[in-house]
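Structure first, commentary second.
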Amino acid sequence: MDIPPAPQVPVAAENDLPATLEKENGEPAGKFSVGITLRTIVMASLTAMGGFIFGYDTGQISGFLEMRVFLERFGQRTAVTTEHPYGYYFSNVRSGLIVGLLSIGTLIGCLIAGPFANKYGRKWCIPVWSMVFSVGVVAQVAVGTGDWVGIVMGRWTAGLGVGALSVLVPLYMSETSPVNVRGAVVSCYQLFITIGIFTADCINYRTESRNDTGSYRIPMGVGWIWALILGIGIIFLPESPRHDFNHNNPARARTTMSKFYGLPEDHVIINTECGEIEQVMKLTAGDHPWYEAITGPRMFYRVALAMTLQMLQQLSGANYFFYYGTTIFQGVGLDNSYVTAMILGGVNVGATVVGVWMARHFRRRESLYIAALWQLMCFLVFASVGQFQFKDAPVGSSTAKTSGTVMIVFACFFIVGFATTWGPLVWACIAEMFPYRYRAVGMAFATSANWFWNFMLAFFTPFITGDIQYAYGYVFAGCNLAAFFVVFFFLIESSGKTLEEVDQMYLLHVPPIGSKKFVFDEETRRQIGEMGMGTDRMDLERKGFGTRKREEGARGGVLQQEEACRREPVARSGANGRL
């Protein structure tokens, strides 16, 4: 169908920019100098509650595995020993299922959430999945003695909600946030994950000494509060502007953008971005099956990269500490190993606050590959000390206490690196690398990799640590080395670019090394807005299972030959002579 191009407001020339828009490094700051509005702060704080839900559930389960009442009700009998002081224990299979079945639910939930978000909206799907999570919480609280399968299935149900929210929340954030704070806003999702973990550690610490089921039922039940806050609070926020544009609500979308930017609706920045979005939305109307998210232009590369980043986020080793932290540090000499979990959780929160700030002020690529090397070093020290000093040292000896303290310190060093970079920035990167047409499904694929490897680690860690103990850290060290190479050679720098510009950089095959210096000149920016450059402007036809661009010529500038699309910005290397 021949779709006429949407009316466009030209991108403002440098001399047309308002005086309030300052210049940065000799270039017009444009939309990137807009301040942060109160509405943006409220939106980020409320929607990030989806991350809090995930973090809270992650943090509480490691504490449950060591609680006396929880062990007596759902564990297996054994002789009373130093290792099993209550006469109960969890087998590797049982503990792996209790911890890991949440991740199977999240894997399913995140795959379902993408198509539903495209049809019913980002906003209105969030309360539904918050309710699903609440049902899982109620099921866990209600199960009786010995019904450990009920705990597992309750966690699986809760996982459906957590997984869906892990797609919907960053998706809503990235599409609603002003460009200049998008990275910081999406990073708030990870910040609230860490706050949730720390909150669960604190509540576990206060309830674990109880002699009734309140020791674990209170932390479980409190988790319902966060879902209630998110599910009700999101009702009072607007729909994503990009979703509104795609569903014939351009006026409401413009109003939403105006409020979050804190600018009049006729401001040059609002006009320019609305023009870009409207052009994209009109050209993406119609049926787009899910597999186009893989077969579309340069999409297999992006989906594979996003899934790899999410996999490596899990294989960095962070959840090794958060899922089993209480158990790992039992022998360090602390009277209460829950204190160690609180220490790790507190460090995690403080470092992630710094990470949110870094997401706005530092480049994505450099932060990620430098942190990967830092995390590699931390795990090498942690694993070496644990395997060759702490493991065989007598409990309570000076060797055990000294080596155990070193392990805790380097665990904290690791968490500082992870929480400032790989924790928040991976979510920001995957939210930025997909065009609107495939964003929901692409993010669902990427997030499914996160949850799949989350489950693999949660389930198999007890078996692996039982065989190789602290040498397991060398596995995570190798994964962090792999993370360095993936980011350095394959990830394009996306900070400071609109979502449409990031898409164009992938289509142009901009080399990841040096991508931080890539600059679109003003004519190319105008082409992105007016002439239809980008995945969302391409008129695709299906051929078997794949897709290809129709050979119809340039319909009003909307379609281009792909080679021309690649060459244009390079030929116009930028007003400042940079790529």
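The values are calculated or read from the model by the stated rules, or taken from the named source; none is laboratory data. It should be emphasised that the depicted structure is a prediction, and the values quoted were computed from it without experimental measurement. Cβ: placed from backbone, ideal geometry, glycine included. Neighbour counts: every protein chain shown. The area values use the complete protein model at the heavy-atom level, side chains included, leaving out ligands, DNA and RNA. Shrake-Rupley method; radii C 1.70, N 1.55, O 1.52, S 1.80 Å.
Miscellaneous remarks
- Oblate is the label for the range 105-217. Its Cα gyration tensor axes, ordered a ≥ b ≥ c, give a/c of at least 1.5 and b/c at or above a/b.
- In the context of the full set of protein chains, the range 142-280 has a per residue accessible area of 31 Å² (1.4 Å probe).
- Net charge of neighbours whose Cβ lies under 13 Å from the Cβ of VAL69, counting Lys and Arg as +1 and Asp and Glu as -1: 0
- Taking θ as phi - 60° and the Karplus parameters 6.51, -1.76 and 1.60, the scalar couplings of the range 121-138 work out to x, 5, 5, 7, 7, 5, x, 5, 6, 5, 5, 4, 4, 4, 4, x, 5, 4 Hz in sequence order, x denoting glycine and proline.
- The spacing between the range 64-140 and the range 393-417, judged by their C-alpha centroids, is 29 Å.
- Heavy-atom accessible area for ARG252, with the other protein chains in place and a 1.4 Å probe, reaches approximately 120 Å².
- Carbon plus sulfur fraction of accessible area for the range 36-237, probe 1.4 Å, in percent: 67 percent
- Backbone amide hydrogens, once placed in the peptide plane, bring SER494 within less than 5 Å of ARG364, ARG365, excluding anything fewer than 5 places away on its chain.
- Within-12-Å neighbourhood charge of ILE151 [Cβ basis; K, R +1; D, E -1]: +3
- ILE513/LEU228 FRET efficiency (R0 45 Å; Cβ-Cβ; nearest 0.05): 0.45
- The range 435-506 shape via C-alpha gyration tensor axes, a/c threshold 1.5: oblate
- VAL143 - accessible surface, heavy atoms, 1.4 Å probe, Å² rounded to 10: 20 Å²
- Stretchable slack from LEU373 to TYR474, in nm (0.36 nm times residue separation minus alpha-carbon distance): 35.0 nm
- A cut-off of 5 Å between modelled amide H atoms, ignoring neighbours fewer than 5 places along the same chain, links TYR88 with THR78.
- Per-residue 3J(HN,Hα) values for the range 397-403, derived from phi via the Karplus relation 6.51 cos²θ - 1.76 cosθ + 1.60 with θ = phi - 60°, read 6, 5, 4, 5, 5, 5, 5 Hz in sequence order (x marks Gly and Pro).
- Across LYS119/LYS516; LYS119/LYS259; LYS123/LYS517, pairs whose alpha-carbon gap is larger than 31 Å: LYS119/LYS516; LYS123/LYS517
- In this structure THR308 has an accessible area near 40 Å², from a 1.4 Å probe over the protein heavy atoms.
- Shape descriptor for the range 36-237: Rg over Rh equals 1.03 (Cα atoms; Rh from the Kirkwood inverse mean 1/r).
- Accessible-area order (highest first, 1.4 angstrom probe) of the listed residues LEU230, LEU373: LEU373, LEU230
- For the range 354-428, carbon and sulfur atoms together expose 69% of the accessible surface, with a 1.4 angstrom probe and every protein chain in place.
- Rounded if a/c under 1.5, otherwise prolate or oblate - the range 385-515, Cα gyration tensor axes: prolate
- Solvent-accessible ranking of GLU273, GLU72, largest area first, probe 1.4 Å: GLU72, GLU273
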